[in-house]
Amino acid sequence: MSSYKDTTKNFLLGKFHKPGQVINSVKALQGEGFSVYDVYSPFPIHGLDRILGIKRSRLTIAAFLFGMTGTCTALSMMLYMMYFDWPMDIGGKPSYLAPAAVPVSFELTVLFAAFGMVFTFFAVSKMYPGKKPVIMDPRVTDDVMVLAIEKSAIEEADQDKIEGIMMSHGAFEISEKTVHNELFEV
Amino acid sequence: MSYESPIREPLVTGGKGYHDITEGVLAPLEKKPNMTWLAAFGLSAMVMTMGVSLIIWTFFEGIGAWGLNKTIGWAFDITNFVFWVGIGHAGTLISAILLLFRQTWRNSINRAAEAMTIFAVICAALFPLIHMGRPWVGAFWVLPLPNTRGSLWVNFNSPLLWDVFAISTYFSVSLVFWYLGLIPDLASIRDRAKNKIAKAIYGALSMGWNGSTRTWHRYEIVSLILAGLATPLVLSVHTIVSFDFATSIVPGWHTTIFPPYFVAGAIFSGFGMVQTLMVVTRKVYKLENFITLSHMDAMAKIVILTGSLVGIAYATEFFIAWYSGNTYEQYAFINRMFGPYWWSYWAMISCNVITPQLFWFKKVRENMLLTFIISIFVNIGMWFERFVIIATSLARDFMPANWALYTPTYVEVGIFIGTFGVFFTFFFLFAKFLPVVNMFEVKTLVKDDTVVDHGHHDDHGDQHSHSAEAGVSHSH
């Protein structure tokens, strides 16, 4: 077990019922100079990613590259099969014709882009079938939004102040949670 | 948060909060199946078994078990193929195109519509496979696999081959899109499950989802790009299906209008089927607060639009046949109307062009029984449209000496009915084991002036403390 990196983290959790409360709370905490680790919510809260300072994901670039791979695969496959390996002369028509190559290249572009991007998403989000989830609160997938602050990132003395800020913005519950040796999403 | 007009009716009614959505949608999953479900599922499974038996009989006996002849080589099976593929178009339209257009009413019907798409495409794909007669060697005919004859490759200049690529891409991308959309909801089921086996299965499928904002951020980008990819994809699929006919020289098929005409028809038939399914599902599952009358109203409007587009396409085809001055083309259309298959033509016109016009009346759009009946008419009409295009055009082409008539055998009719068994067996399983409404997307529609419960949340429904907060940014 010595090679296993200890990633135990302690969190201070503020729990909310409304997305607006979380947004205001995050803004207020950041205004006071505290850094917010993450927010866990049952649905995407629009604008919160920017407030938390999450950089725009580069998955779009990945999708483009996968799509281009698909186009090139389709075009080169058809060129090889229809022109080089086994050209067919049907009524003197060219054996490899660009317009006839459009549908298959389009379909393979979409296929490669879609699958490539989704699998990249699973990889960067460290998601795989059967992964044991880090559940901050079981109600996160129902109706509760959890604002998580890493305790090592704050001073012991500030904890009351942080709790006060979260309470004043509508937190209905404050709790702490320790998470052991889990893969954290970065 | 997108701006929404205050006049617009809310998309979630009954003052439902987040927890009520979870409860409302998951209630049928967490209960034991009732007799109605078991009976409906049993019946579908029986019909499916009948269809599968007749497919096996076709393999045993050969395509001679069908009513095809030298003149009419495509009839019931290809009609059924196009019929089911068309139905499969509404799901992706709702999940992808309406997402790009920010039509948030799609949020509560997209899950079921996508499921419908996947099951419909499964039914569709069966027909070309069966029509091969020996599908176990068919892999060499439709996929570019190296073989001992050369290699003798598949013909990439053929629309039939494009169709193989289009349908298989459409099926797999729709499946991925659907599964991706399910992950957050599967996590909801996981976190509520009391049964150990259910927790393990839904847990494995939800891939460790924890609702982190970082994951949501990527998730939304992936969903948007997938929607952007699926939008041209859905249009390409029926375009390519129409190429199967339009690139030939058969009178009645050889028209440039086919791609947009087929796409409009596909969306029309798909929405017809979504209406059929939603009228029943919202009633049986008591989802009237999530799939509201305004949702049904919006779908009815799409049905009028696409139904009218299809009507214009019929008229255009007819006009162009006359205007072309081509005798064969002109005859093909006269033959459709007054030839031996006149009844199928007029069934198509009355079901597709005339009956949907009743949706102009708000009273009809809000009457679920009438909506259901009209949607059934749409389904029937769109089947006849494909039959008219395929069978009547082949029955009488250039050479009167080759003219023939086609009558389906019980095997073909049985296989077609069997695909409804396949479709509904899958749909009932879906409705029992997966949330039929996309919970997390519906939760984003809850206005901030709905239930705010600061205590326990076991009894949300009774405490409607409407707060005065108008929007997210003003809440405190």
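The values are calculated or read from the model by the stated rules, or taken from the named source; none is laboratory data. Predicted model, so just to flag it, every value in this text is computed and none were measured. No Cβ is skipped: glycine too gets one built from the backbone with ideal geometry, and neighbour counts run over all protein chains shown.
Brief remarks on what is shown
Quick grid of which residues meet (1) under 30 Å from B:Leu445 (Cα atoms); (2) facing another protein chain (nearest Cβ under 7 Å); (3) modelled with pLDDT under 90:
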{"residue": "A:Met78", "(1), (2), (3)": "no, yes, no"}
{"residue": "A:Trp86", "(1), (2), (3)": "no, yes, yes"}
{"residue": "A:Asp89", "(1), (2), (3)": "no, no, yes"}
{"residue": "A:Ser95", "(1), (2), (3)": "no, no, yes"}
{"residue": "A:Ser105", "(1), (2), (3)": "no, no, no"}
{"residue": "A:Ser125", "(1), (2), (3)": "yes, yes, yes"}
{"residue": "A:Pro133", "(1), (2), (3)": "yes, yes, yes"}
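- Here B:Pro251 meets the list (1) out of contact with any Pro (no Cβ under 6 Å at 6 or more places or on another chain); (2) within 28 Å of B:Asn402 (Cβ to Cβ); (3) buried (at least 20 other Cβ atoms within 10 Å of the Cβ); (4) within 14 Å of chain A (Cβ to nearest Cβ) almost entirely, failing just condition (4).
- Helices (runs of 4 or more DSSP H) enclosed by segment B:4-118 - at least 2 residues per element that are within 25 Å of B:Leu429 (Cα to Cα) and of a type in the set (S, T, N, Q): B:35-61
- Among residues of segment A:104-122 that are over 15 Å from B:Ser223 (Cβ atoms), those with a Cβ under 9 angstrom from a residue that is outside any helix (DSSP H, G or I), sequence gap 6+ or separate chain, pair up as A:Val104/B:Phe156.
- Verdict on A:Lys132 being touching a residue at least 24 places away in the same chain (Cβ under 8 Å) and of a type outside the set (Asp, Glu): yes
- Residue in segment B:182-190 that is buried (at least 17 other Cβ atoms within 10 Å of the Cβ) and more than 27 Å from the chain's Cα centre (by Cα) present: yes
- Complete set of residues in segment A:109-121 that are surrounded by 19 or more Cβ atoms within 10 Å (Cβ to Cβ) and more than 7 Å from chain B (Cβ to nearest Cβ): A:Thr109, A:Phe112, A:Gly116, A:Thr120
- Among residues of segment B:211-234 being surrounded by fewer than 21 Cβ atoms within 10 Å (Cβ to Cβ) and of a type in the set (Gly, Ala, Ser), the one that is farthest from A:Val134 (Cα to Cα) is B:Gly228.
- Taken together, the residues in segment B:28-42 that are without any contact (Cβ under 8 Å) to a residue 60 or more places away in the chain and either surrounded by 14 or more Cβ atoms within 10 Å (Cβ to Cβ) or closer than 27 Å to B:Val442 by Cα (or both) amount to 3.
- Pair list, Cβ under 8 Å, 6 or more apart: segment B:144-160 residue more than 10 Å from chain A (Cβ to nearest Cβ), other residue surrounded by fewer than 13 Cβ atoms within 10 Å (Cβ to Cβ): B:Leu145/B:Ala139
- Listed by position, the helices (runs of 4 or more DSSP H) enclosed by segment B:318-413 that each have at least 1 residues that are under 28 Å from the mean Cα position of the chain (by Cα) and closer than 30 Å to B:Phe60 by Cα are B:368-387.
- Selection from segment B:95-129 of residues that are among the β-branched types (Val, Ile, Thr) and either in contact with a Pro (Cβ under 6 Å, 6 or more places away or on another chain) or closer than 16 Å to B:Thr444 by Cβ (or both): B:Thr104, B:Ile109
- Qualifying residue in segment B:120-138 (condition: modelled with pLDDT under 85 and of a type in the set (A, V, I, L, M)): yes
- Subset of segment B:161-210 (residues that are more than 7 Å from chain A (Cβ to nearest Cβ) and part of a loop (DSSP other than H, G, I, E, B)): B:Ala193, B:Lys194, B:Asn195, B:Ser206
- Hits in segment A:49-73 - residues which are closer than 30 Å to A:Ala98 by Cβ, buried (at least 21 other Cβ atoms within 10 Å of the Cβ) and within 7 Å of chain B (Cβ to nearest Cβ): A:Ala63
- Hey, B:Phe101 over 30 Å from B:Leu405 (Cα atoms), free of Cβ contacts under 8 Å to residues at least 12 places away in the same chain and of a type outside the set (Ser, Thr, Tyr) or not: yes
- Unmet criterion (only one of (1) touching a residue at least 12 places away in the same chain (Cβ under 8 Å); (2) facing another protein chain (nearest Cβ under 7 Å); (3) surrounded by fewer than 21 Cβ atoms within 10 Å (Cβ to Cβ); (4) closer than 24 Å to B:Asn438 by Cα) for A:His46: (1)
- The residue of segment A:128-150 that is farthest from the chain's Cα centre (by Cα), among those that are part of a helix (DSSP H, G or I) and farther than 20 Å from A:His169 by Cα, is A:Pro138.
- Residues (out of contact with any helix residue (DSSP H, G or I) (no Cβ under 6 Å at 6 or more places or on another chain) and surrounded by fewer than 16 Cβ atoms within 10 Å (Cβ to Cβ)) located in segment B:323-342: B:Tyr323, B:Ser324, B:Gly325, B:Asn326, B:Thr327, B:Ile334, B:Phe338, B:Pro340, B:Trp342
- Each residue in segment A:62-99 was checked for being touching a residue at least 12 places away in the same chain (Cβ under 8 Å), more than 30 Å from A:Val124 (Cβ to Cβ) and either touching a His at 6+ places or on another chain (Cβ under 9 Å) or assigned to a helix (DSSP H, G or I) (or both), and 4 pass.
- Number of the exception - B:Leu233 against (1) within 7 Å of chain A (Cβ to nearest Cβ); (2) under 28 Å from A:Tyr37 (Cα atoms); (3) of a type in the set (A, V, I, L, M); (4) in contact (Cβ under 8 Å) with a residue 24 or more places away in the chain: (2)
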